[in-house]
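Undergrad: Structure below; questions to follow.
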Amino acid sequence: MKKLAASIIALSLVLGAAAQGQPRGPKGPGEPGKMQHKEAVNRLESEHVAFLTNSLDLSPEEAQAFWPVYNKAKKEDRESYKAVQEKGKALREALKEQKSEDEIAKLLNEYQKAKADKKDVFAAYTNDFIKAVGVTKTAKFFISEENFRNKQIHNLGGRGPQQGHGQFKGQGQAKGQGQRPGPRPNGEKPEK
C-alpha cells in the first residue's frame with residue numbers, strides 16, 4: 001500500500017510538472033505527429049517514474065521530498081539540452097556558411113561549454129537528493145537512472161539509424177533499403 005501511495009504521489013508530481021511545460025492547443029499542420037510524440041514522451045515519463053519509484057522503494061514521505069528535487073533538476077536538464085541543441089545548430093550553420101575561423105572557434109567553445117554544463121545538471125543536485133532521501137537512496141537513484149537509460153536503449157532493439165529516423169522496423173522503406181549487407185548479429189545471412 002505504501003508503494004501504491006508513493007507511486008501515485010510521484011506520478012502526479014512528475015506529470016503535473018511536465019504538464020506545466022506543455023503548450024496547449026493545436027499548432028497547425030502536422031499536429032497528429034506531434035500528438036503521437038507527446039503521447040510517447042508522456043508514456044516514457046510514466047514508465048520512468050514507475051521504474052524509479054520501484055527501484056528506490058520510496059515511502060510517501062520520501063516521495064514528497066524526492067520528486068520536487070527531481071522535477072527541478074529535470075527542468076534544468078531539459079533547458080540545458082535545448083541550449084546544446086541551439087549551440088549545435090548555430091555551429092552547423094556557421095560551418096555550412098563557411099564562417100571565419102574565429103567565429104567557428106567561438107561557437108565551438110559555446111557548444112562545448114553547453115555540453116559540459118548539461119552533463120553536470122543532475123550531479124549538481126546530489127546534496128539536495130541526499131537531504132531528501134539519504135545517501136543510499138541517492139546512490140540508488142543515480143544507478144537506477146543509468147539502468148533505465150540502458151533498458152530503453154535495449155528496448156529499441158532492431159530500431160536504429162539503418163531503419164530510418166522515427167520509423168519502426170519494416171515501416172516506410174522498400175525491401176532492402178537501409179539495410180547493411182553482410183551477416184546479421186544473430187548469424188543469419190541477409191535476404192537477396
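The values are calculated or read from the model by the stated rules, or taken from the named source; none is laboratory data. Being a predicted model, the structure only gives us computed values, none of them experimental. Don't worry about glycine lacking a Cβ; one is built from the backbone with ideal geometry, like all the others, and counts go over all protein chains shown.
Undergrad: If Asn150 satisfies all but one of (1) surrounded by 10 or more Cβ atoms within 10 Å (Cβ to Cβ); (2) at negative phi; (3) modelled with pLDDT under 90, what's the number of the condition it fails?
TA: Here Asn150 meets the rest and fails (3).
Undergrad: Kindly indicate whether any position in the stretch 34-42 is surrounded by 13 or more Cβ atoms within 10 Å (Cβ to Cβ), of a type outside the set (D, E, K, R), touching a helix residue (DSSP H, G or I) at 6+ places or on another chain (Cβ under 8 Å) and under 15 Å from Glu145 (Cβ atoms).
TA: no
Undergrad: Okay, next question. Taking the stretch 112-131 only, how many residues are crowded, with 17+ Cβ neighbours inside 10 Å and either outside any helix (DSSP H, G or I) or modelled with pLDDT under 95 (or both)?
TA: Of the residues in that region, 5 qualify.
Let's see how each residue does on (1) at pLDDT 90 or above; (2) more than 27 Å from Lys131 (Cβ to Cβ); (3) out of contact with any Lys or Arg (no Cβ under 8 Å at 6 or more places or on another chain):
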position: Lys38; (1), (2), (3): no, yes, yes
position: Leu52; (1), (2), (3): yes, no, yes
position: Asp57; (1), (2), (3): yes, no, no
position: Ala63; (1), (2), (3): yes, no, yes
position: Trp67; (1), (2), (3): yes, no, yes
position: Lys74; (1), (2), (3): yes, no, yes
position: Glu86; (1), (2), (3): yes, yes, yes
